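Just below is one structure, and these are the notes that go with it.
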């Protein structure tokens, strides 16, 4: 083997160590880049040419992205549930704040004051101030119920508008993935593994998995197909958009459909799933509860009130409340204008008779709700406790999922993340390799000098 | 497991955040003194507390009503005492007039006093308390007794009704605070008028009947006072019972809602220590690097 071969081998070694140091430099630069996977240099020995016993040095075979696809898959699964639970927990916490229980300022207290004002009226039915107090308490009850109804509706509105943002983000991510698919397939065709582009795409997939229950599949040409609800969201280089269509039957809130053909999209989990659940289930069922309670109170109070006689001793059959549920409840305009119309008396022409006011007050302790098994107070207590249970469950699920996700993240980092100390060791190693290769070149040079000038 | 710079800082950050959020929960409870600051802190406890608060409000209302009813019964009682005095005086006059030592002129003088007693009795029957005529049944805005000739009535007409004025002192528990004015007063008026007229006309049969009649009326009044006393005792019993229930409810609300302060303060200190430890660990871990040793 000639000396020039040795020079060549040493030069290849110099280049290989240099490229390896480039990789170290790339890794160190991206130590804090989200979603970055460290890259490992692939070096291999050059096999000896036929007939020669000694190998031809080192060959630089490119860089490899270090990544555990199974951990990625696990993590995306868990992120769907985490996103859904956290979104629900956030809105349910706001809903329970709207009820401000337990306290002396919530609907419970207002309800007690309302029925107690009827008891006061029964004690002094002739007294104008007791009558005004009933109207006042009735109005306070109506306003409080309306405000609660409004509070829950506002939360539904905000879930709907956040849904619009999230769907826009999902469409955007799908297009990004399609574009990256195109870049990755063409760069791979040219022999480059395209590690950094894959990192970007993985980051987009991570976020997409947080948004909705997508599944994905990597093809042999390097592109990734994403499936949502049984249909392709991304297929090769094409992304299929989701459109939001206002549904008149659901408060004009948006339904999710495929922009292509208008078919319905069902999103069961992820942030979008969580927003849909809170908008159409969590908050809606509490609104239904609230309206059931208020509607029952309106019906019962009006029926009892209509049976009695007003201060003039002859007027009967009037309603106390107007409206049908929590959205439009108010004290009847005629009664509000003239509290003398309050039917405190059971008997006609009996100014001192407050027994009908007592009959109205007695509704508070009657089992009129849930097929005659619950009072207003216990039904309301159940309503508040159901919100509390839902908020607590969503929060503990969100906490548990966050913990799982953070463990998986750590696992992923332990495979794919950059450790600066490790890179420093590699750096020293490659630096020494470079120095050694340079030393060989000097040795060969000296040998050539000996050969040419001293012989 | 392989540790990386990102995973280390993420883990350290999450330990700090966990420690901070646990500390903040305890701080909330210590500052508010409450275990339940929102329903999700204890959903079942919240619904029990809502029920207990509703009962307490209801009981407070019953107790207010009991106070009112007690004063109403008290005013009825004092009217009956005065009426008893009037009847008692009439009976004394009846005994005095039913004597041969008194002549017609003397009896006419006594008749004048009886007429005064009658006016007094009518005034008592028309007593109003807190703007309500208490012997008029449910016609509380109408004076119940009207004289045909003011000052010298031959008949007194009852204008009230037999309606009872009920006060709710417990769930489904009502006490009437009025008595039937017609039943108590009308016989007294009739007997006083008859006595007065007998004295004026020197009708000795009428005069001697008066003493017995007044005795009967006195019995009626005493019976009515007994009835008032019985009702007042019922109010007292209900009041005591409601007070006991309130105490129980308050104890149970406190055990549901209030934080166990000594426990919370201990937790607060433990959690502060945990946060400090997390911060110290972070401070030390982040500064250690191989770079310090490669010179």
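The values are calculated or read from the model by the stated rules, or taken from the named source; none is laboratory data. A quick note: this is a predicted structure, and the numbers were derived from the prediction, not measured. Cβ atoms come from the backbone with ideal geometry, glycine included; neighbour counts cover every protein chain shown.
Within the range A:383-395, not a single residue is facing another protein chain (nearest Cβ under 9 Å), in contact with a strand residue (DSSP E or B) (Cβ under 8 Å, 6 or more places away or on another chain), assigned to a helix (DSSP H, G or I) and surrounded by 17 or more Cβ atoms within 10 Å (Cβ to Cβ).
On inspection, residue B:25 qualifies as free of Cβ contacts under 8 Å to residues at least 60 places away in the same chain and more than 30 Å from residue B:192 (Cα to Cα).
Of the numbered criteria (1) in contact with a strand residue (DSSP E or B) (Cβ under 7 Å, 6 or more places away or on another chain); (2) not assigned by TED's automatic domain parsing to the domain that holds residue B:209, the one residue B:19 fails is (1). The set of residues in the range A:363-377 that are within 11 Å of chain B (Cβ to nearest Cβ), part of a helix (DSSP H, G or I) and surrounded by 18 or more Cβ atoms within 10 Å (Cβ to Cβ) comprises A:364, A:376, A:377. A count restricted to the range B:38-74 and to residues that are assigned to a helix (DSSP H, G or I), more than 7 Å from chain A (Cβ to nearest Cβ) and more than 16 Å from the chain's Cα centre (by Cα) stands at 4. Scanning the range B:1-33 for residues that are surrounded by fewer than 16 Cβ atoms within 10 Å (Cβ to Cβ), closer than 19 Å to residue A:415 by Cβ and in contact with a helix residue (DSSP H, G or I) (Cβ under 6 Å, 6 or more places away or on another chain) returns B:1, B:2. Restricting the range A:142-156 to residues that are touching a strand residue (DSSP E or B) at 6+ places or on another chain (Cβ under 9 Å) and buried (at least 16 other Cβ atoms within 10 Å of the Cβ) leaves a set whose member that is farthest from residue A:284 (Cα to Cα) is A:142. For beta carbons closer than 8 Å, sequence separation of 6+ or different chains, a first residue in the range A:278-292 that is more than 16 Å from residue A:146 (Cβ to Cβ) and a second that is outside any helix (DSSP H, G or I), the qualifying pairs are A:279/A:253; A:280/A:253.
Inside the range A:70-104, residues that are within 24 Å of the chain's Cα centre (by Cα) and without any contact (Cβ under 8 Å) to a residue 24 or more places away in the chain make up a count of 4. The listed residues are A:357, A:304, A:334, and the only one of them that is touching a helix residue (DSSP H, G or I) at 6+ places or on another chain (Cβ under 7 Å), under 27 Å from residue B:141 (Cα atoms) and surrounded by 23 or more Cβ atoms within 10 Å (Cβ to Cβ) turns out to be A:357. The condition of being free of Cβ contacts under 8 Å to residues at least 60 places away in the same chain, surrounded by 15 or more Cβ atoms within 10 Å (Cβ to Cβ), touching a strand residue (DSSP E or B) at 6+ places or on another chain (Cβ under 7 Å) and part of a helix (DSSP H, G or I) holds for only one of A:188, A:207, A:201, that being A:201. Looking across A:7, A:14, one residue alone is outside any loop (DSSP other than H, G, I, E, B) and modelled with pLDDT of 90 or more. It is A:14. Any residue in the range B:258-273 that is within 14 Å of chain A (Cβ to nearest Cβ), in a helix (DSSP H, G or I) and in contact with a helix residue (DSSP H, G or I) (Cβ under 8 Å, 6 or more places away or on another chain)? Looking through the range B:258-273, none of the residues is within 14 Å of chain A (Cβ to nearest Cβ), in a helix (DSSP H, G or I) and in contact with a helix residue (DSSP H, G or I) (Cβ under 8 Å, 6 or more places away or on another chain).
Residues considered: A:231, A:201. Of these, the only one that is assigned by TED's automatic domain parsing to the domain that holds residue A:79, modelled with pLDDT under 95 and farther than 13 Å from residue A:184 by Cβ is A:231. Quickly run through the range A:329-351 and pick out the residues that are more than 14 Å from chain B (Cβ to nearest Cβ) and either in contact (Cβ under 8 Å) with a residue 60 or more places away in the chain or not in a loop (DSSP other than H, G, I, E, B) (or both). Correct list: A:329, A:330, A:331, A:333, A:334, A:335, A:336, A:337, A:339, A:341, A:342.
Please go through the range B:128-138 and give me each residue that is surrounded by fewer than 20 Cβ atoms within 10 Å (Cβ to Cβ) and at negative phi, ordered by number. Those that are surrounded by fewer than 20 Cβ atoms within 10 Å (Cβ to Cβ) and at negative phi: B:128, B:129. Restricting the range B:157-171 to residues that are under 24 Å from the mean Cα position of the chain (by Cα) and part of a loop (DSSP other than H, G, I, E, B) leaves a set whose member that is farthest from residue B:238 (Cα to Cα) is B:163.
Scanning the range A:17-45 for residues that are away from chain B (no Cβ under 14 Å) and in a helix (DSSP H, G or I) yields a count of 9. In a residue-by-residue description of the range A:116-130, the property of being away from chain B (no Cβ under 14 Å), in contact with a helix residue (DSSP H, G or I) (Cβ under 7 Å, 6 or more places away or on another chain) and either more than 30 Å from residue A:393 (Cβ to Cβ) or crowded, with 23+ Cβ neighbours inside 10 Å (or both) applies to no position.
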